[in-house]
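A.B. asks: One structure coming up, written as structure tokens, with questions to follow.
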Amino acid sequence: MKIERLEHPAPAEREALLEVWESSVRATHAFLSEDDIVALRPQVWDAFEAVSLMIAHDEAGRLAGFAGICGDMLEMLFIRAEARGLGIGGALLARALEEGVLRVDVNEQNPQALGFYQHLGFEVTGRSPLDGQGRPFPLLHLRLQDGLKPMPRGYSIRAAAPGDIPCLNAIELAAATLFPPGVIPQHVLSDRVPEVMLAEAMRDGRLWVAFEPGGTPVGYALLRFLKEPGEPAQTSRADPGKGRKKSAPGLALLAQMDVHPAHTRKRLGTGFVRLAAAAARMRRAEALYLTTFADIPWNAPFYARQGFADLSESEQPRVIRDILAEERARGLKNRTAMRLPLSPPVP
């Protein structure tokens, strides 16, 4: 999947967007009549020029969905009917949050969309009995929960590029200095994520880097997919042409997340969690796992605020138990495993 901006769409591009809009509406807005859809088409056509557009293409290069933003308002998010359930909506929303989106309106008769936004941190703040065109289709007004608001102006997170890789180990080293003495054994402090692993994750779309306003990298997050012992090889990809959705490529693990001490409390961690969760959901993962320190405020308590829950030993997948055992063998104490459920990616 590829997401990119679309500035001032030409007529042919608007037609393609309108086709996606109509496909999505027919699949999700059963309360609209044929006359309603026909009447809305010219209004949607004009609206394309009034919003900042981001478009998503599937692996075959076909337009699969788009989002339209105006200020802090998500005005549009539509996914082609046959591309629903592939995580495209979640990926577009994650990009919209990076752009500062805080609000969205949802038709009350569209419970799937309401559940989608609520799962991703929005809450209902009001209701209007009529829609924007004055028709009797009530709107629910949603806003991103206070604890989930975007990063301060100038900070950003994007997919890693080759030039970012050499900077990441230094961020990892700096982040480790935040821990009280003795929490991380000296021999572990010298460990680093191998650059070859970071480069592989970058190529696979599983590595993100945070930047301060001047453009310097100040944080990164790494997502991995792990196989349970004896699990057969699987693919993460769906076959859009035939509509078959295949299982995830393994257990989704937020393997590494580091922020430079000079740039903490900038909501970078929240941004990383959202992007990793969206990427895991897009690849059909049912949950996002991690291991962390149970008693360090910016570890387990932070992740709990993001929706993760502690796992008892009986609840831990075998591969997670193995990771905890390896961490104990290296001298890391009071570690815990946590899990964030990922609902099916609708839209």
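FYI, it's all coordinate maths here, none of it is from the lab. All figures in this text were calculated on a predicted structure; none of them were measured in a lab. A quick note on method: Cβ atoms are made from the backbone with ideal geometry, for glycine too, and the neighbour counts reach across all protein chains shown.
A.B. asks: Against the empirical 2.2 N^0.38 Å scaling, what ratio does the C-alpha Rg of the chain come to?
C.D. replies: Values: Rg = 21.2 Å, N = 347, 2.2 N^0.38 = 20.3 Å.
Its radius of gyration relative to the 2.2 N^0.38 Å reference: 1.05.
A.B. asks: How large, in Å, is region 22-66 by the Kirkwood hydrodynamic radius built from its alpha-carbon pairs? Walk me through the intermediate numbers first.
C.D. replies: Values: mean 1/r = 0.0823 Å⁻¹.
Kirkwood hydrodynamic radius for region 22-66: 12.2 Å.
A.B. asks: Can you give the angle from 0 to 90° between the axis of helix 268-282 and the longest principal axis of the chain, with both taken from C-alpha atoms, to the nearest 10?
C.D. replies: 70 degrees
A.B. asks: Where the centre of each part is set by its Cα atoms, how far does region 286-303 sit from region 22-75, in angstrom?
C.D. replies: Cα centroid to Cα centroid, the span is 37 Å.
A.B. asks: Compute the long axis of helix 11-28 from its Cα atoms, compare it with the longest principal axis of the Cα atoms of the chain, and write down the angle in degrees, 0 to 90, nearest 10.
C.D. replies: So the helix axis and the longest Cα principal axis differ by about 80 degrees.
A.B. asks: To make sure I understand the rule: partners must be aspartates and glutamates, Cα under 12 Å from the Cα of residue 266, and not fewer than 8 residues away in the same chain. Which ones qualify?
C.D. replies: 212
A.B. asks: Then there is this: Using 0.36 nm per residue, how much length does the chain from residue 310 to residue 228 gain when fully extended, once their Cα-Cα distance is taken away? Present the calculation step by step, with values, prior to reporting the outcome.
C.D. replies: On the way: separation 82, 0.36 × 82 = 29.52 nm, distance 1.96 nm.
Full-extension gain reported as 27.6 nm.
A.B. asks: P(r) for region 1-50, please, calculated from all Cα pair distances in 10 Å bins and given in %.
C.D. replies: Final binned percentages: 23, 51, 23, 3.
A.B. asks: If one takes the longest principal axis of the Cα atoms in the chain, at what angle in degrees, from 0 to 90 and to the nearest 10, does the Cα axis of helix 34-47 lie?
C.D. replies: In the chain, helix 34-47 runs at an angle near 70 degrees to the longest axis.
A.B. asks: How much net charge surrounds residue 160 when only the other residues with a Cβ under 15 Å from the Cβ of residue 160 are counted, with Lys and Arg +1 and Asp and Glu -1?
C.D. replies: Values: positive: 158, 203, 206, 224; negative: 98, 164, 172, 195, 200, 204, 258.
Cβ neighbours under 15 Å give a net charge of -3.
A.B. asks: Using a cut-off of 15 Å between alpha-carbon atoms, which aspartates and glutamates can reach residue 227, once sequence neighbours fewer than 8 places away in the same chain are excluded?
C.D. replies: Counting by Cα, and skipping residues close in sequence, residue 227 has these aspartates and glutamates nearby: 286, 322.
A.B. asks: Can you give the extra length, in nm with one decimal, that the chain gains between residue 15 and residue 262 once fully stretched, where that is 0.36 nm per residue apart less the Cα-Cα distance? Let's see the in-between values first.
C.D. replies: Working: separation 247, 0.36 × 247 = 88.92 nm, distance 4.71 nm.
Stretched fully, the residue 15-residue 262 segment lengthens by 84.2 nm.
A.B. asks: While we're on this one: What list of ³J(HN,Hα) couplings, whole Hz, do you get for region 159-170 from phi and the Karplus terms 6.51, -1.76, 1.60, once you set θ to phi - 60° and write x for glycine and proline?
C.D. replies: For region 159-170, the Karplus curve yields 4, 5, 10, x, x, 7, 4, x, 8, 6, 4, 5 Hz.
A.B. asks: Are there chymotrypsin sites (Phe, Trp or Tyr not before Pro) in region 20-105 that DSSP marks as loop and that have at most 14 other Cβ atoms within 10 Å, and which are they?
C.D. replies: On the way: sites: 21, 31, 45, 48, 66, 78; in loops: 31, 48.
Answer by residue number: 31.
A.B. asks: If R₀ is 35 angstrom, what is the calculated FRET efficiency for the pair residue 36 and residue 72, using the beta carbon separation as r and rounding to 0.05? List each step's numbers first, then the result.
C.D. replies: On the way: r = 28 Å, r/R0 = 0.80.
That pair, residue 36 with residue 72, gives E of 0.80.
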